[in-house]
Amino acid sequence: MQSDKTAKAKLYVRYPLSSVLIYNGSTVLHYLLGGIGIALGYSFSSWAGYTFGVLYFLLSFLDMYVIMPLAVCPNCVYYRAKNSICISGLNILSKKIAKEGDPKNFPKRAEGLFCPNNLYMASLIVPILAMLPALFLNFSAALLLIFLGVVGLLLFRFFIIFPKLACLHCSAKHQCPQAGAMGVRDL
Ligand code: SF4
């Protein structure tokens, strides 16, 4: 019998619903707060804040919930595994809107400047970078709270969601570059 120290993390074919809800809830909240923060931060302009806030939300949402299932998920093991649900649940959407890809291409998600991985990371970091100057130009307590909320969501994703909820238990972790970068493959 394996001791607790040598026991490996369980790999999920179907993630628990709670994990899927936490993942998607924090993702949508990040985009929403980011968009509101950009709009509020640049509200001294009659058009810039609203335009860039809405644009940020729409592009981030599109990247996560349309581009990912079209470009990344068809190559993932969760697309092929029967009765599966990945951490985002996007394998189910992908099966409805995209043709099956090639698992050999899955690591390509991290190749190139505008690869899906980099776009995904940009969608999380852009609102923080955009709100920073706005905190000096147009400070308000509400903007500071939103800024801290988005930073908190980013840290929550990096230190709890990725290593403890998502990648640690992912059946694609031996092919996925992100799991390799986080060192969860052998856990
Ligand atoms: S290892 Fe992490 S980033 Fe990679 S597919 Fe799995 S959950 Fe997604």
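The values are calculated or read from the model by the stated rules, or taken from the named source; none is laboratory data. Predicted model, so just to flag it, every value in this text is computed and none were measured. Reconstructed Cβ throughout: ideal geometry from the backbone, glycine too, with neighbour counts over all protein chains shown.
Filter the stretch 163-187 down to the residues that are outside any helix (DSSP H, G or I) and among the charged types (D, E, K, R), then identify the one that is farthest from the ligand (Cβ to nearest atom).
Per the stated criteria, the residue is ASP186.
Can you list the helices (runs of 4 or more DSSP H) lying wholly within the stretch 1-97 that have 2 or more residues being farther than 24 Å from LEU165 by Cβ?
17-41, 48-62, 90-97
Evaluate the following for LEU62: is it at pLDDT 95 or above, out of contact with any Leu (no Cβ under 7 Å at 6 or more places or on another chain) and under 21 Å from VAL150 (Cβ atoms)? Write out each step before concluding.
Numbers: at pLDDT 95 or above: yes; out of contact with any Leu (no Cβ under 7 Å at 6 or more places or on another chain): yes; under 21 Å from VAL150 (Cβ atoms): yes.
When the stated conditions are applied, LEU62 passes them.
Please determine whether any residue of the stretch 133-150 is of a type in the set (A, V, I, L, M, F, W, C), away from the ligand (no atom under 16 Å from the Cβ) and not in a helix (DSSP H, G or I).
yes
Which of the numbered conditions does GLY89 fail, given that it passes all the others? Conditions: (1) more than 28 Å from GLY37 (Cβ to Cβ); (2) of a type in the set (Gly, Ala, Ser); (3) within 15 Å of the ligand (Cβ to nearest atom).
Here GLY89 clears every test but (1).
Output the qualifying pairs, or none if there are none: Cβ atoms under 7 angstrom, residues six or more apart or on different chains, first residue in the stretch 166-187 and over 14 Å from LYS108 (Cα atoms) and small (Gly, Ala, Ser), second residue modelled with pLDDT under 90 and within 9 Å of the ligand (Cβ to nearest atom).
Going by the 7 Å Cβ cut-off, there are no qualifying pairs.
Any residue at all in the stretch 93-101 that is under 17 Å from the mean Cα position of the chain (by Cα) and not polar (S, T, N, Q)? Don't jump to the end; show me each part of the working.
If we filter the stretch 93-101 for residues that are under 17 Å from the mean Cα position of the chain (by Cα), which is where we start, we get 93-94.
Remaining after also requiring not polar (S, T, N, Q): 93.
Checked against the condition, which is being under 17 Å from the mean Cα position of the chain (by Cα) and not polar (S, T, N, Q), the stretch 93-101 yields at least one hit.
For the stretch 44-57, give me the residue count where each residue is touching a Gly at 6+ places or on another chain (Cβ under 9 Å) and more than 16 Å from LEU132 (Cβ to Cβ).
First pass over the stretch 44-57, keeping only residues touching a Gly at 6+ places or on another chain (Cβ under 9 Å): 49, 52-57.
Okay, now just the ones that are also more than 16 Å from LEU132 (Cβ to Cβ), so 54-55, 57.
Summing the residues that are touching a Gly at 6+ places or on another chain (Cβ under 9 Å) and more than 16 Å from LEU132 (Cβ to Cβ) in the stretch 44-57 gives 3.
Within the stretch 60-73, does at least one residue satisfy the condition of being touching a Phe, Trp or Tyr at 6+ places or on another chain (Cβ under 7 Å), under 30 Å from LEU135 (Cα atoms) and of a type in the set (Asp, Glu)?
There is at least one residue in the stretch 60-73 that is touching a Phe, Trp or Tyr at 6+ places or on another chain (Cβ under 7 Å), under 30 Å from LEU135 (Cα atoms) and of a type in the set (Asp, Glu).
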